[in-house]
Amino acid sequence: VLGNDRIKQQLQFFSRAIPRTVRSVLVVGCGSGQGAHHIAAAVSTRARILAVDISSENLRLAKSLFAHPRIEYRQVDVIEHPLSGEWEAIVLPDVYEHIPKTARTILHERFNRLLAPNGRILCEGLQNR
């Protein structure tokens, strides 16, 4: 679980890019939950975090390995099932490149509705895609 250089870089990115004052964070494609937990424990220590993933196995691991009282883990396909709320930060760790290009317009429209004024969307992991 720990010791992966790629994940260490990702956590450092979150620490730099997400303001400590953020009160709501949506993590799309949370995987094992390590990134969501890092945000809750070390970055935005007062934020409510909704961490979603399409994989029930990823969510089982996240709930087991990286539970936190301010993180809600939920199984959701964000293309098929719109989310609600207003989020100051929307984080896509190593996810955007897996969204089919034909579905990205839908995703962008949904994020436009979810993003708080002055909020930010963070796409981490994109490499020449």
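The values are calculated or read from the model by the stated rules, or taken from the named source; none is laboratory data. Nothing here was measured: the structure is a model prediction, and the numbers come from that model. Virtual Cβ from ideal backbone geometry, glycine too; neighbours counted across all protein chains shown. The accessibility values were calculated without ligands, DNA or RNA, using every heavy atom of the protein model including side chains. Shrake-Rupley method; radii C 1.70, N 1.55, O 1.52, S 1.80 Å.
Highlighted here are the helices (runs of 4 or more DSSP H) found entirely within segment 1-73 that include at least 2 residues which are surrounded by fewer than 17 Cβ atoms within 10 Å (Cβ to Cβ): 5-17, 56-65. Checking each residue of segment 24-42 against the condition of being within 18 Å of LEU115 (Cβ to Cβ) and more than 12 Å from the chain's Cα centre (by Cα) gives no match.
Could you tell me which residue of segment 82-120 is nearest to PHE14 (Cα to Cα), considering only residues that are open to solvent by 70 Å² or more (accessible area, probe 1.4 Å) and either aliphatic (A, V, I, L, M) or over 16 Å from the mean Cα position of the chain (by Cα) (or both)?
Selected residue: ASN118.
Within segment 72-129, being among the basic types (Lys, Arg) and over 26 Å from THR21 (Cβ atoms) holds for LYS101, ARG104, ARG129. The residue pairs whose first member lies in segment 76-103 and is within 17 Å of ARG120 (Cβ to Cβ), whose second member is outside any strand (DSSP E or B) and polar (S, T, N, Q), and whose beta carbons are closer than 7 Å, counting only pairs six or more residues apart or on different chains, are PRO93/GLN10.
Number of residues in segment 9-29 that are within 17 Å of ARG48 (Cα to Cα) and among the basic types (Lys, Arg): the value is 2.
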